[in-house]
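Asker: Before I ask anything, let me first share the structure, which is written out below as structure tokens.
Each value in this text was obtained by applying a stated rule to the coordinates, not by laboratory testing. In this text the structure is predicted, and so the values were computed from the model without any measurement. Cβ coordinates were reconstructed from backbone atoms using ideal geometry, including for glycine residues, and neighbour counts include every protein chain displayed.
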Amino acid sequence: MDEREHTDTPNAQHIISPRVKETYDRLLNNFSVQETLEFIRGDNANTTEDQIKITEIPAPSFMEQQRGQYYKGRLRDLGLREVQIDAEGNVFAIRKGIGRGPTVFVSAHLDTVFPEGTSTTVNKIGERFYAPGISDDGRGLAVILALLRAFNEAKIETEGDIIFGATVGEEGLGDLRGAKAFFRAHPNMDGFISIEPGEPTRTTYLATGSHRYKVTYKGPGGHSFGEFGIPSAIHAVCRAVAMIADLEVPEYPKTTFTVGEIKGGTSVNTIAAEATMMIDLRSNSEVELRVLEQQVLARVEQAARQENARWKKNSLQVQIELVGNRPAGTQPADVRIVQAALASSQALGYVPELNEAQSTDSNVPISLGIPAITLGGGGAFGGTHTLDEFFEPTGAYCAVQRIFLTVLGLVGLHNATEPLLAHHAEM
Ligand SMILES: [Zn+2]
């Protein structure tokens, strides 16, 4: 994909161990696996149809209820018993294996970045389907249903259990609230797969963390001429931004900052009583994220002190509010879940690929030490997070086949392969 001169990620092909390779050789030679792969290919149009239905039910972050209810019905209709909607709004149900194998949660996210009132009606132009959210994550949600149909169709018996489901609040200020709640309630989960827009080769295994702050300066405010000599909220914000702008951060692990928004003031001839800025801090390392955060917050406070000192007053105050907290995390590139994702991609004739760190639901389990990856849902797509978002289903089934093989390798096919995923604890 993109050209990288420096990279922390090793060559993907060399990571697959003989044990994992052997598992995938066996799976590929298994009759019911071959049948299932064929079934998935023939099911491509059904998956697109599901994707359209799901996309047309609006689901802004924090307003996922209607789509969640619909999804619950779909999971139930596909044979899952006791489909739950937890207190946060996550929807999921378990497909039991035959034994005491590991449990893996396979999930996509219900919410979209689009505000209430955005039309999500799908328009077909040529081979492309256009609608906000159709790829992110309408595709992932449809792929979950396709996987379930595939497991059912060939009556696949697994060693371990698979939880199929969907989370709330993955996007923006949703702040991964669904994934956080799920893993608080299921700390012994053995593995996690999130499905997001991407190629069938996509394997994301590193988590970019972010902390977001809303900082508000408040002062007395007054007439620009008549009250001259009092601290200004706008001047304080600008002092802070000037200091933040000069911060140095490491290139590796990648660590970034930006003041993304500034608002404030009343009129050109008013000393501003209030001004606010939104700060986004990110890193692939939790340690670097904390270091950066301390530096930024120190400057935010310093700016208030300087503005007060400038006018020998103490009337300006600063409020700091944490509005986003996504944990960062890393895991070795050769953990079994990553190997399974690479081997299944190779089994289908692709050159396996490791992607750079991103921010997805997988951040939560990775930060907790639970093996987790984010895989691509397939198809051609573009314009994600814009009103011109589209999806093109040609050949999209390849990614479903790949995720099917990944899941199957991890939980084990009864009478054929041992689970690749370790079973950590009794649930
Ligand atoms: Zn997404």
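Asker: Give me the angle, in degrees from 0 to 90, between the Cα long axis of helix 286-310 and the longest principal axis of the Cα atoms of the chain, rounded to the nearest 10.
Answerer: 20
Asker: If you restrict to DSSP beta bridges whose two residues both lie in the chain, what percentage is antiparallel, to the nearest 5?
Answerer: 70
Asker: So how do 227-238, 14-25 stack up, highest first, on mean other-Cβ count within 10 Å?
Answerer: With the highest mean Cβ count within 10 Å placed first, the list reads 227-238, 14-25.
Asker: Between Asn29, Ser224, Leu421, whose Cα lies farthest towards the positive end of the dipole of the chain when Lys and Arg beta carbons carry +1 and Asp and Glu beta carbons carry -1, centred on the Cα centre?
Answerer: Ser224
Asker: In the chain, if the dipole is taken from +1 on Lys/Arg beta carbons and -1 on Asp/Glu beta carbons about the Cα centre, which of Pro365, Ala272, Asn355 is farthest to the positive end?
Answerer: Projecting each Cα onto the dipole axis, the largest value belongs to Ala272.
Asker: Right, here's the next one. Going by alpha carbons, how many degrees (0 to 90, nearest 10) lie between the helix axis of 138-153 and the longest principal axis of the chain?
Answerer: Compared with the principal axis, the helix lies near 20 degrees.
Asker: Can you tell me, using C-alpha contacts under 8 Å and at least 6 residues apart, the relative contact order of the range 75-172 as a whole percent?
Answerer: It rounds to 46 percent for the range 75-172.
Asker: Can you tell me the orientation of helix 44-55 relative to the chain, as the angle in degrees between its alpha-carbon axis and the longest Cα principal axis, to the nearest 10?
Answerer: Value to nearest ten degrees: 30.
Asker: Calculate, for Ala185 and Ala245, the FRET efficiency according to 1/(1 + (r/R0)^6) with r their C-beta to C-beta distance and R0 35 Å; round to the nearest 0.05.
Answerer: Taking R0 as 35 Å, the efficiency between Ala185 and Ala245 is 0.25.
Asker: Moving to a separate point now. Provide the gained length on full extension for the span Thr386 to Phe228, in nm with one decimal, where the gain is 0.36 nm per separating residue minus the Cα-Cα distance.
Answerer: Fully extending the segment from Thr386 to Phe228 adds 52.4 nm.
Asker: Return the loop-located trypsin sites (Lys or Arg not before Pro) in the range 137-169 (DSSP other than H, G, I, E, B) with at most 16 other Cβ atoms within 10 Å of their own Cβ; answer none if there are none. Spell out each step's value before the answer.
Answerer: Numbers: sites: Arg139, Arg149, Lys155; in loops: Lys155.
Qualifying residues, ordered by number: Lys155.
Asker: Would you mind ranking Lys180, Lys263 so that the residue whose beta carbon has the fewest other beta carbons within 10 Å leads the list? Display every interim value, and only then the final one.
Answerer: Working: Lys180 21, Lys263 12.
Lowest count first: Lys263, Lys180.
Asker: Calculate, for Arg128 and Met278, the FRET efficiency according to 1/(1 + (r/R0)^6) with r their C-beta to C-beta distance and R0 41 Å; round to the nearest 0.05. Each step should come with its number before you reach the end.
Answerer: Details: r = 34 Å, r/R0 = 0.83.
Taking R0 as 41 Å, the efficiency between Arg128 and Met278 is 0.75.
Asker: At 7 Å along Cα-to-Cβ for each site, give me the label-to-label distance between Asn314 and Asp25 in nm.
Answerer: Between Asn314 and Asp25, the label points sit 7.7 nm apart.
Asker: Now for a separate question. Sort the range 121-242 into rounded, prolate or oblate with this rule: let a ≥ b ≥ c be the square roots of the eigenvalues of the Cα gyration tensor; rounded if a/c is under 1.5, and if a/c is not under 1.5, prolate when a/b is larger than b/c, oblate otherwise. Show your work: numbers first, answer last.
Answerer: Details: a/c = 3.91, a/b = 2.24, b/c = 1.75.
Judged from the Cα gyration tensor, the range 121-242 comes out prolate (a/c at least 1.5, a/b above b/c).
Asker: Report ³J(HN,Hα) in whole Hz for each residue of the range 163-176, in order, from the Karplus equation J = 6.51 cos²θ - 1.76 cosθ + 1.60 where θ = phi - 60°; Gly and Pro get x.
Answerer: With the stated coefficients, the range 163-176 comes to 9, 9, x, 8, 9, 9, x, 7, 8, x, 6, x, 6, 6 Hz.
Asker: Tell me, how many Å apart are the Cα centres for the range 374-404 and for the range 54-75?
Answerer: Spelled out, the Cα-based centre of one part sits 19 Å from the other.
Asker: Something else now. Hey, rough spin-label estimate for Arg305 and Asn152, points 7 angstrom out along Cα→Cβ, what's it come to in nanometres?
Answerer: Between Arg305 and Asn152, the label points sit 6.4 nm apart.
Asker: To continue, here is another question. How far is it, in nm, from the label point at Gln84 to the one at Arg41 when both lie 7 Å from their Cα along the line to the Cβ?
Answerer: Result for the modelled spin labels: 3.9 nm.
Asker: How big is the dipole moment of the range 172-305 about its Cα centre under a simple scheme where the beta carbon of each Lys and Arg is +1, that of each Asp and Glu is -1, and everything else is neutral? Debye, nearest 20, please.
Answerer: 320
Asker: While we're here: Calculate the FRET efficiency for Thr330 and Lys96 from the Cβ-Cβ distance with a Förster distance of 30 Å, rounded to the nearest 0.05. Each step should come with its number before you reach the end.
Answerer: Working: r = 32 Å, r/R0 = 1.08.
Efficiency for this residue pair is about 0.40.
Asker: Filter the trypsin sites (Lys or Arg not before Pro) in the range 277-313 down to the DSSP loop ones having no more than 15 other Cβ atoms within 10 Å, then list what survives.
Answerer: When the trypsin sites (Lys or Arg not before Pro) of the range 277-313 are filtered for loop state and at most 15 Cβ neighbours within 10 Å, Lys312, Lys313 remain.
Asker: Report the full-extension gain for the segment Gln65 to Glu356: residue separation times 0.36 nm, less the Cα-Cα distance, to one decimal in nm.
Answerer: Working: separation 291, 0.36 × 291 = 104.76 nm, distance 3.24 nm.
Answer, rounded to one decimal: 101.5 nm.
Asker: Could you tell me the relative contact order of the chain? Use alpha-carbon pairs under 8 Å, at least six residues apart, and round to a whole percent.
Answerer: It rounds to 25 percent for the chain.
Asker: Quick check for the chain: number of Lys pairs with alpha-carbon distance under 24 Å, counting only pairs 8 or more apart or on different chains?
Answerer: 15
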